[in-house]
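Here the structure comes first, spelled out in structure tokens, and everything after it is commentary.
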Amino acid sequence: MPAQREGTGAPYSLWDLVRYMTKLGTIGFGGPVALVGYMHRDLVEDRKWVSEADYKEGLTLAQLMPGPLAAQLAIYLGYVHYGITGATLGGVAFVFPSFVMVVALGAAYVAYGGLTWMQAVFYGVGAAVIGIIALSAYKLTTKSIGKDRLLWAIYLVAAIITIIVESEIVWVFLISGLLVWFVRAPPRWLPRGGGAPMVALLPAMNVLPAACALGASSDWSVLAKIAVFFAEAGAFVFGSGLAIVPFLYGGVVSQYHWLTERQFVDAVAVAMITPGPVVITVGFIGYLVAGFAGAVVAALATFFPCYLFTIIPAPYFHKHGKKHGIVAFVDGCTAAAIGTIAGAVVVLGRRSITDLPTIAILVVTLLVLWKVKKIPEPAIVALAAVAGLIVYPLIKA
């Protein structure tokens, strides 16, 4: 274990944290499932900066709150040893690199009338990403579920539900946490139990979308409408990564007609071929709608609510997270979360693994990750992109 930094109890400096989050946001491919796996591997297993308990608390909070999963986990892990400052700098460092990339792609898209090569790149990258996600899900499962029968039952139910409905359902996490809590550490009275504040917070949030919808319908400037719409997307959409896509489609294509269907599909492709959080596609969409100012407003409006939903309950989670009842609740939520991640592998795999070439890319990716561990994921993604550029035109010819 590295020596602890004086005054913080952390075995790393705030600058170390910022550098790590910047690097992950720059080269972390695979979407939220892979990104949370990287954080566990790097920060818990390899560097031992964060304890297993703190990681589980962060993952549970990120799953229970609306907004992008990986960004919220990065914010919480920054909070663990460096409070609000660590949460803020860690979150910004994680999101900023991918924001710069999508803005650059947005500028190229506008300048050159579309990115025709994107489908070919995503054809190869999508298959490789499924391999990266699958291995991350496997490692998380073996590490967190172990041989516990109750957690395995929750894990399998959550995975099956995710595969069937093709989205994450927050009540699955809550019910799972409550179940393990009641079985392993039955509270003497429910209203004051450890999970009550979190359960009470969720219905309160259901009142707010109507207010946002009312504001979005007002005759405001385009930037104001972008701010209101994307704030609603960040505040009220549960589930990670692609879960936000249907909501964005309904607003930017159907309601406001800011983008065409083709442009929206390209925006989703940009999210999938760039590192960092998938939700950063809001920066690309904002750029197409209102230039650089639109990109900045869309990104800030999307990520600021999830920042608040993380740092406000974080002190409670961090202070009381070691209590037996809370540990049981977190274990149940974590099992459901990892089951959902495993289910997401199947859901995304159906969309990306469509023929023999994509099957071959998937198998090669798994073999390389499993047997040749020195090759970094970004190198694998780059090779898959090259394979897509070569193979895709041939199969579409």
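Just a few scattered comments:
- Contact order, relative form, for region 46-170: 13 percent (alpha carbon pairs under 8 Å, 6 or more residues apart, mean separation divided by residue count).
- The fraction of accessible area contributed by carbon and sulfur in region 290-340 is 80 percent, rounded to a whole number (1.4 Å probe; ligands and nucleic acids excluded).
- Loop-resident trypsin sites (Lys or Arg not before Pro) (DSSP state other than H, G, I, E or B) in region 53-158 with no more than 13 further Cβ atoms inside 10 Å of their Cβ: Lys147.
- Accessible surface computed residue by residue for region 108-169, with neighbouring protein chains in place and a 1.4 Å probe, gives 49 Å² per residue.
- Relative to the globular-protein estimate of 2.2 N^0.38 Å, the Cα radius of gyration of region 82-170 stands at 1.59.
- Solvent-accessible surface of region 346-397, averaged per residue with a 1.4 angstrom probe and all protein chains in place: 65 square angstrom.
- Region 248-284 versus region 81-136: alpha-carbon centroid distance in Å: 12 Å
- Net lengthening on full extension, Ile359/Thr142 (0.36 nm per residue, minus Cα-Cα): 75.7 nm
- Region 35-104, accessible surface, carbon-and-sulfur percent (1.4 angstrom probe): 67 percent
- Region 151-162 - phi-based ³J(HN,Hα) in whole Hz, Karplus 6.51/-1.76/1.60, Gly and Pro as x: 5, 5, 4, 5, 4, 5, 4, 4, 5, 5, 4, 4
- Shown in residue order for region 70-79 are the 3J(HN,Hα) couplings computed by the Karplus curve 6.51 cos²θ - 1.76 cosθ + 1.60 at θ = phi - 60°: 5, 5, 5, 5, 4, 5, 5, 5, x, 6 Hz (x for Gly and Pro).
- Shape of region 1-82, Cα gyration tensor, a/c cut at 1.5: prolate
The values are calculated or read from the model by the stated rules, or taken from the named source; none is laboratory data. Just so we're clear, the structure is a prediction, and the values are computed from it rather than from any experiment. Glycine gets a Cβ as well: all are built from the backbone with ideal geometry, and neighbour counts include every protein chain shown. When the accessible area is computed, the model is the full protein with side chains, heavy atoms only, and any ligands, DNA or RNA have been set aside. Shrake-Rupley method; radii C 1.70, N 1.55, O 1.52, S 1.80 Å.
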